[in-house]
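What follows is one structure encoded as structure tokens, with my remarks underneath.
The values are calculated or read from the model by the stated rules, or taken from the named source; none is laboratory data. Here the structure is a predicted model, which means the values were calculated and not measured. Here the Cβ positions follow ideal geometry from the backbone for every residue, glycine too, while neighbour counts run over all protein chains shown. What goes into the accessible areas is simple: the full protein's heavy atoms, side chains included, and nothing from ligands, DNA or RNA. Shrake-Rupley method; radii C 1.70, N 1.55, O 1.52, S 1.80 Å.
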Amino acid sequence: MYAQMIKSEATTDDPEKLKEFQARIDDDIKVEPRDWMPEGYRKTLIRQIGQHAHSEIVGQLPEGNWITRAPTLERKMILLAKVQDEAGHGLYLYAAAETLGVSRDDLTEQLLSGKMKYSSIFNYATLNWADIGAVGWLVDGAAIMNQVPLQRTSYGPYSRAMIRICKEESFHQRQGYDIMMKMAQGTEAQKKMAQDALNRLWYPSLMMFGPSDADSVHSTQNMAWKIKMNTNDELRQKFVDQTVPQAEYLGLTIPDENLTWNEKKGGYDYSDPDWSEFFDVLKGNGPCNVDRLEARNKAWDDGAWVRDGLMAHAEKKRAAKTAAE
Ligand code: BYC
């Protein structure tokens, strides 16, 4: 439906302007905030960048949950830095979205009311320390797979935000893998925890790339506009191919009996996630959807005094300036 909306919005734009716009995209010329752009391009970018920003912010919750219980001071400092990085990513992305004419307050309101989505993965719980390793390894691993190509995305502010984000995400992925290595080489009980974390988070991680290409609504138009550089299935395949040897190195087993190397395609054949579960999580019925929105709403309410204080200060400065003029 959204694709149809975008198409119809795109077609209400001046056809000559549309043609020129597409030619610039085809020549890899970045679109900047003051440039003319089709309404559909602007709207789908706000949707994607906004969802991405929300994912970074909500993504702090499952990991933040373990900061106080990290097993050593060093692990605690690393996790704290990682969670702070995610807040920074959210800020770069909200700032990039604001250049498209939407306010951060608007986006926040849409997150808090459940109107806007964030990544499905953050509706799954982190039950123990091994999950923090698996989140870094798999979730940040999947995020990088998706985000490295987005550094070349056609919208300038988004592509520039992605460059910095990707650098930090790669540190995040390594810290997760480092935790997994420690656990996998530890006691029998620790190895079991690592395997259990992989078992639970494997399919939710595959879901991060979105529905299969046949069910993806936005891919065709967004790839033509270079908002998206690859299809969901292309990136999922690359992620599986990258992750299987990493699991082997850890001595862990990917929970997929159908996983086999396919010489002809030069990649692994693998089982799809349960797509009915994915769509159910998107509808708000995942294990932690309610908790996540409650936590974000509470944080927003608890922060009201800071926003009020800042606004009062700004108002006072404005009044003083007007009086002096
Ligand atoms: N979760 O037409 P499609 C991170 C929705 S984590 C929820 O293929 P599109 C981080 C989709 O929005 C990752 N919803 O959509 C890591 C659409 O619904 P609407 C965040 C999903 O946009 C560690 C519908 O399904 N990364 O950063 O072409 C710690 C049809 O899908 C999901 C990004 O956001 C999902 N997994 O492709 C902290 C990267 N998948 O909007 C943080 C940028 C699909 O029409 N985003 N949907 O109601 C993208 O690359 C693309 O938006 C997606 C989806 C690949 C996610």
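Observations on the model:
- Subset of region 256-270 (residues that are surrounded by fewer than 15 Cβ atoms within 10 Å (Cβ to Cβ) and either modelled with pLDDT under 95 or not in a strand (DSSP E or B) (or both)): Glu257, Asn258, Glu263, Lys264, Lys265, Gly266
- Answer from Ser159, Ser154 - the residue that is buried (at least 21 other Cβ atoms within 10 Å of the Cβ) and in contact (Cβ under 8 Å) with a residue 12 or more places away in the chain: Ser154
- Criterion violated by Cys166 - all others in (1) within 14 Å of the chain's Cα centre (by Cα); (2) within 10 Å of the ligand (Cβ to nearest atom) satisfied: (2)
- Residue check for Glu63: within 12 Å of the ligand (Cβ to nearest atom), of a type outside the set (A, V, I, L, M), in contact with a helix residue (DSSP H, G or I) (Cβ under 6 Å, 6 or more places away or on another chain) and without any contact (Cβ under 8 Å) to a residue 40 or more places away in the chain: no
- Any pair with Cβ under 6 angstrom, 6 or more apart, that starts in region 163-185 at a residue that is on the phi < 0 side of the Ramachandran plot and in contact (Cβ under 8 Å) with a residue 12 or more places away in the chain and ends at one that is basic (Lys, Arg) and within 13 Å of the ligand (Cβ to nearest atom): His172/Lys82
- The number of residues in region 302-325 being acidic (Asp, Glu), loosely packed, with under 10 Cβ neighbours inside 10 Å and at pLDDT 90 or above comes to 1.
- Scan of region 205-234 for residues that are near the ligand (Cβ under 9 Å from one of its atoms), open to solvent by less than 50 Å² (accessible area, probe 1.4 Å), under 14 Å from Pro273 (Cβ atoms) and part of a helix (DSSP H, G or I), ordered by number: Met207, Asn232
- Restricting attention to region 13-60 and to residues that are open to solvent by less than 10 Å² (accessible area, probe 1.4 Å) and of a type in the set (Gly, Ala, Ser), the residue that is farthest from the ligand (Cβ to nearest atom) turns out to be Gly40.
- Residue that is farthest from the ligand (Cβ to nearest atom) [pool: residues in region 281-323 that are closer than 15 Å to Ser119 by Cβ and in contact with a Gly (Cβ under 9 Å, 6 or more places away or on another chain)]: Leu293
- Just one of (1) buried (at least 21 other Cβ atoms within 10 Å of the Cβ); (2) more than 19 Å from Leu235 (Cβ to Cβ) fails for Asp140. It is (2).
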